[in-house]
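The values are calculated or read from the model by the stated rules, or taken from the named source; none is laboratory data. Note that the structure is a prediction, hence the values are computed from the model and not measured. Ideal geometry is used to build each Cβ from the backbone, glycine not excepted, and the neighbour counts take in all protein chains shown. To get the accessible areas, we keep the full protein, side chains included, count just its heavy atoms, and leave off ligands, DNA and RNA. Shrake-Rupley method; radii C 1.70, N 1.55, O 1.52, S 1.80 Å.
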Amino acid sequence: MKLLQELDRMRSELIANVSHDLRTPLGLIKLSVTSLLATDIDFNEKVRRELLSVILDETDRLEKIVDDLLLLAQVESGRLQLNKRRTPASVLIEQAISGMDAAV
(Lines give C-alpha, C1' and ligand atoms only; values in the text may rest on other atoms or scores of the structure.)
Protein backbone atom coordinates (compact mmCIF):
# COMPACT_ATOMS: atom_id res chain seq x y z
CA MET A 1 0.00 0.00 0.00
CA LYS A 2 2.86 2.38 0.89
CA LEU A 3 4.43 1.77 -2.53
CA LEU A 4 1.19 2.69 -4.32
CA GLN A 5 0.92 5.89 -2.30
CA GLU A 6 4.50 6.82 -3.18
CA LEU A 7 3.85 6.07 -6.86
CA ASP A 8 0.73 8.24 -6.78
CA ARG A 9 2.69 11.07 -5.12
CA MET A 10 5.42 10.82 -7.74
CA ARG A 11 2.89 10.92 -10.58
CA SER A 12 1.24 13.99 -9.07
CA GLU A 13 4.64 15.66 -8.74
CA LEU A 14 5.49 14.81 -12.34
CA ILE A 15 2.22 16.29 -13.58
CA ALA A 16 2.82 19.48 -11.59
CA ASN A 17 6.37 19.80 -12.94
CA VAL A 18 5.33 19.15 -16.53
CA SER A 19 2.50 21.65 -16.22
CA HIS A 20 4.96 24.28 -15.00
CA ASP A 21 7.43 23.41 -17.77
CA LEU A 22 4.69 23.82 -20.39
CA ARG A 23 3.36 27.12 -19.02
CA THR A 24 6.64 29.01 -19.36
CA PRO A 25 7.17 28.54 -23.12
CA LEU A 26 3.45 28.90 -23.80
CA GLY A 27 3.39 32.22 -21.94
CA LEU A 28 6.38 33.53 -23.89
CA ILE A 29 4.87 32.42 -27.19
CA LYS A 30 1.55 34.04 -26.36
CA LEU A 31 3.22 37.29 -25.29
CA SER A 32 5.30 37.43 -28.48
CA VAL A 33 2.35 36.68 -30.77
CA THR A 34 0.12 39.17 -28.95
CA SER A 35 2.80 41.82 -29.35
CA LEU A 36 3.21 41.11 -33.06
CA LEU A 37 -0.55 41.26 -33.59
CA ALA A 38 -0.95 44.58 -31.77
CA THR A 39 -2.22 47.19 -34.20
CA ASP A 40 -1.16 50.18 -32.12
CA ILE A 41 2.57 49.32 -32.16
CA ASP A 42 4.82 49.47 -35.20
CA PHE A 43 7.82 47.25 -34.45
CA ASN A 44 11.03 47.77 -36.37
CA GLU A 45 12.50 44.80 -38.21
CA LYS A 46 15.00 43.95 -35.44
CA VAL A 47 12.33 43.76 -32.71
CA ARG A 48 9.98 41.82 -35.00
CA ARG A 49 12.71 39.26 -35.72
CA GLU A 50 13.56 38.98 -32.01
CA LEU A 51 9.91 38.23 -31.19
CA LEU A 52 9.76 35.64 -33.97
CA SER A 53 12.99 34.11 -32.65
CA VAL A 54 11.43 33.78 -29.18
CA ILE A 55 8.45 32.02 -30.74
CA LEU A 56 10.71 29.61 -32.63
CA ASP A 57 12.93 28.87 -29.60
CA GLU A 58 9.99 28.29 -27.27
CA THR A 59 8.23 26.10 -29.83
CA ASP A 60 11.40 23.98 -30.02
CA ARG A 61 11.37 23.81 -26.22
CA LEU A 62 7.75 22.61 -26.19
CA GLU A 63 8.55 20.03 -28.85
CA LYS A 64 11.40 18.67 -26.69
CA ILE A 65 9.13 18.41 -23.65
CA VAL A 66 6.49 16.52 -25.66
CA ASP A 67 9.14 14.21 -27.14
CA ASP A 68 10.42 13.45 -23.62
CA LEU A 69 6.88 12.69 -22.42
CA LEU A 70 6.26 10.35 -25.36
CA LEU A 71 9.55 8.58 -24.68
CA LEU A 72 8.62 8.20 -21.01
CA ALA A 73 5.26 6.73 -22.00
CA GLN A 74 6.99 4.21 -24.27
CA VAL A 75 9.37 3.16 -21.50
CA GLU A 76 6.54 2.80 -18.97
CA SER A 77 4.41 0.75 -21.36
CA GLY A 78 7.30 -1.60 -22.12
CA ARG A 79 7.32 -0.72 -25.82
CA LEU A 80 10.82 0.69 -25.45
CA GLN A 81 13.54 -1.16 -23.59
CA LEU A 82 16.42 0.72 -22.05
CA ASN A 83 19.92 -0.54 -22.78
CA LYS A 84 21.58 -0.21 -19.38
CA ARG A 85 25.37 -0.10 -19.17
CA ARG A 86 27.98 1.07 -16.74
CA THR A 87 29.26 4.57 -17.37
CA PRO A 88 32.02 6.30 -15.42
CA ALA A 89 30.75 9.17 -13.28
CA SER A 90 33.27 11.51 -14.91
CA VAL A 91 31.63 10.95 -18.30
CA LEU A 92 28.17 11.67 -16.89
CA ILE A 93 29.42 14.83 -15.19
CA GLU A 94 31.07 16.05 -18.41
CA GLN A 95 27.84 15.42 -20.34
CA ALA A 96 25.77 17.26 -17.72
CA ILE A 97 28.11 20.27 -17.78
CA SER A 98 28.15 20.26 -21.57
CA GLY A 99 24.34 20.18 -21.62
CA MET A 100 24.18 23.08 -19.17
CA ASP A 101 26.61 25.11 -21.30
CA ALA A 102 24.49 24.46 -24.38
CA ALA A 103 21.33 25.59 -22.56
CA VAL A 104 22.85 28.94 -21.60
Subset of the stretch 41-50 (residues that are open to solvent by 100 Å² or more (accessible area, probe 1.4 Å) and modelled with pLDDT under 95): 42
Residue check for residue 60: acidic (Asp, Glu) and surrounded by 14 or more Cβ atoms within 10 Å (Cβ to Cβ): no
Pairs, first of a type in the set (A, V, I, L, M) in the stretch 76-91, second modelled with pLDDT under 90, C-beta under 6 Å, six or more apart: 80/74
Residue count for the stretch 1-24, restricted to those that are without any contact (Cβ under 8 Å) to a residue 40 or more places away in the chain and open to solvent by less than 90 Å² (accessible area, probe 1.4 Å): 8
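Against the definition (surrounded by 10 or more Cβ atoms within 10 Å (Cβ to Cβ) and β-branched (Val, Ile, Thr)), how does residue 66 come out, yes or no?
yes
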Residue within the stretch 76-85 that is more than 22 Å from residue 16 (Cβ to Cβ) and at pLDDT 90 or above present: no
Meets criteria (small (Gly, Ala, Ser) and open to solvent by less than 60 Å² (accessible area, probe 1.4 Å)) for residue 53: yes
The stretch 25-40: number of residues that are open to solvent by 50 Å² or more (accessible area, probe 1.4 Å) and in contact (Cβ under 8 Å) with a residue 24 or more places away in the chain: 2
